[in-house]
DNA sequence: CTTACAAGCTACAGCAGGTAGAGCTTCAAG
DNA sequence: CTTGAAGCTCTACCTGCTGTAGCTTGTAAG
């Protein structure tokens, strides 16, 4: 039986985060010791590792919930899991494109600045003057 | 004098967000009409546009606060503004690299899946089996 | 067996950066 | 003068945690 601290160490998850995952129903309520401390099984550890790994790949907790549900009954075709992953891939690709556009604009802004006085700082100017903006405003996706 | 709705429309900011920016001190408290509605100047509009544009470039509200402070007294050298922008650029570059690594792993995961049954779904397998993980992590296995 | 202290417990607050709704008041066109 | 859009304040909620306060339990040494 594993303590919450062991779970934490083995997966690189903060103790509070483990409790948080339980609270939101990603991890099952574990057994308890005499004194009321959580005691986990190896299956719980696997599940937590799965969650953490998916988080590292950028899956949302909701997506992870879906993936866990799929993993829990292995009789269906895996097209569902694939489509969740594909959706995630598309999101990642979109974010990359967006960030690359930002990078371009930031570089341009910085390159053009001569470092003289604030009064004619190119960086501030670009921020001020929206007509120079390359990005149309829609969403500020993170 | 501009209403909050006009400010909102002209900058693509939600009305609540404009009030939020005021609340956290990014926008000054505007004048009010007889009946207590906010009335903005063109300067306020410029300031809001500046904020929104910086947000679109991914600057944090704190960074924007700094940039606004710099823009407000134009007698200093603009090295400060430059360094804020450079910091932002580094962050963006880091995020791009990270997302590219994620993209690679996601693609690999999806490509390898044959779409048969959940039981041997490659996507779930990769998530389960940490030893296949490219992103380094500590002592899960041992 | 006692003591010391790390580790665990619950409960709640807070972060960024907003967004949504309730329930009311004001503005402006017709 | 009416009516409906737009504005107001206040509060709660979102994601994905993280931190703190104030207590209790587990465990190893002495």
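Table for the structure above
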| quantity | calculated |
| --- | --- |
| Spans of helices (runs of 4 or more DSSP H) in segment B:13-102 with at least 1 residues within 18 Å of residue A:113 (Cβ to Cβ) | B:42-56, B:61-72 |
| Extreme residue, farthest from the other protein chains (Cβ to nearest Cβ), among residues of segment B:12-24 that are over 14 Å from residue B:2 (Cβ atoms), within 18 Å of the chain's Cα centre (by Cα) and more than 8 Å from DNA strand D (Cβ to nearest atom) | B:24 |
| Those residues of segment B:7-27 which are surrounded by 13 or more Cβ atoms within 10 Å (Cβ to Cβ) and either more than 8 Å from DNA strand C (Cβ to nearest atom) or not assigned by TED's automatic domain parsing to the domain that holds residue B:52 (or both), in sequence order | B:7, B:8, B:10, B:11, B:12, B:15, B:18, B:22, B:26, B:27 |
| Breaking point among (1) within 9 Å of chain A (Cβ to nearest Cβ); (2) within 16 Å of DNA strand D (Cβ to nearest atom); (3) over 15 Å from residue A:98 (Cβ atoms), for residue B:95 | (3) |
| Hey, residue A:105 in the same structural domain as residue A:127 (by TED's automatic domain parsing) and either in contact (Cβ under 8 Å) with a residue 60 or more places away in the chain or away from DNA strand C (no atom under 16 Å from the Cβ) (or both) or not | yes |
| One residue from A:45, A:61, A:67 being within 16 Å of DNA strand C (Cβ to nearest atom) and closer than 18 Å to residue A:92 by Cα | A:61 |
| Residue satisfying all of: in segment A:28-49; more than 19 Å from residue A:64 (Cβ to Cβ) and touching a helix residue (DSSP H, G or I) at 6+ places or on another chain (Cβ under 8 Å); surrounded by the most Cβ atoms within 10 Å (Cβ to Cβ) among these | A:38 |
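The values are calculated or read from the model by the stated rules, or taken from the named source; none is laboratory data. The shown structure was predicted, so the numbers you read here are calculated from the model rather than taken from an experiment. Counting neighbours? That spans all protein chains shown, and the Cβs are built from the backbone with ideal geometry, glycine included.
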